[in-house]
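Below: the structure, in structure tokens.
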Amino acid sequence: MLIKLYGNEPETEVRYSPAQCIGTRTEIIMGRPDADHISTSYVERQNLTMRMCMRRFTRLTNAFSKKIENHTAAVALHYMHYNFCRIHETLRVTPAMEAGVTDHVWSVEEVIALVDQSTTSQAPGRL
């Protein structure tokens, strides 16, 4: 984990100005990561993409989920589309193709077929 340390100089402190980053420190939470590659940039970018693509994560919106099941389904659909259906500009393929998980760009119909498969294979009355 990369922890950013913030602070202001007392003479330049203004009431609503953001604090300046005065340093960082790294803390290993799990595993043995390469210290040169510890960064929060990847997860922060993922969080931003999710907030911008799914209005459920934006403050002051009426697109929220009233049930946790609906919320988890919306997040799952977002990531399925993001990783399997959407060609990313920098990769020129989908992330799933880049990782070797699939060999083609999935259509929305294929994703819906997966959803239909999973709901028919579950016990009756449960979603």
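Values quoted throughout were computed directly from the atomic coordinates according to the rules given, and no laboratory measurement underlies them. Source: prediction; values computed, not measured. In this analysis, Cβ positions are derived from the backbone assuming ideal geometry, glycine residues included, and neighbour counts consider all displayed protein chains.
For T94, the stated conditions hold: it is within 17 Å of the chain's Cα centre (by Cα) and surrounded by 11 or more Cβ atoms within 10 Å (Cβ to Cβ). When you look at T49, is it assigned to a loop (DSSP other than H, G, I, E, B) and either under 11 Å from the mean Cα position of the chain (by Cα) or farther than 30 Å from L2 by Cα (or both), yes or no? In short, no. Taken over the stretch 52-70, residues that are free of Cβ contacts under 8 Å to residues at least 24 places away in the same chain, loosely packed, with under 15 Cβ neighbours inside 10 Å and part of a helix (DSSP H, G or I) amount to 4. I'm trying to understand the selection: among the residues of the stretch 75-100, which are basic (K, R) and over 30 Å from S65 (Cα atoms)? Scanning the stretch 75-100 gives a single hit, R92.
In summary, A73 fulfils each of the numbered conditions (1) surrounded by fewer than 13 Cβ atoms within 10 Å (Cβ to Cβ); (2) under 23 Å from T102 (Cβ atoms); (3) among the small types (G, A, S) with the single exception of condition (1). Filtering the stretch 86-101 to residues that are in contact with a helix residue (DSSP H, G or I) (Cβ under 9 Å, 6 or more places away or on another chain) and over 19 Å from R45 (Cβ atoms) leaves M97, V101. Only residues that are closer than 19 Å to M1 by Cα and over 24 Å from the mean Cα position of the chain (by Cα) were counted in the stretch 15-33, giving 3.
Suppose the filter is more than 24 Å from T119 (Cα to Cα) and surrounded by fewer than 11 Cβ atoms within 10 Å (Cβ to Cβ); does E89 pass it? Considered against the rule, which asks whether it is more than 24 Å from T119 (Cα to Cα) and surrounded by fewer than 11 Cβ atoms within 10 Å (Cβ to Cβ), E89 comes out as yes. Quick one: V101 ticks every box in (1) surrounded by 11 or more Cβ atoms within 10 Å (Cβ to Cβ); (2) hydrophobic (A, V, I, L, M, F, W, C); (3) assigned to a helix (DSSP H, G or I) except a single one, so which number is it? For V101, the exception is condition (3).
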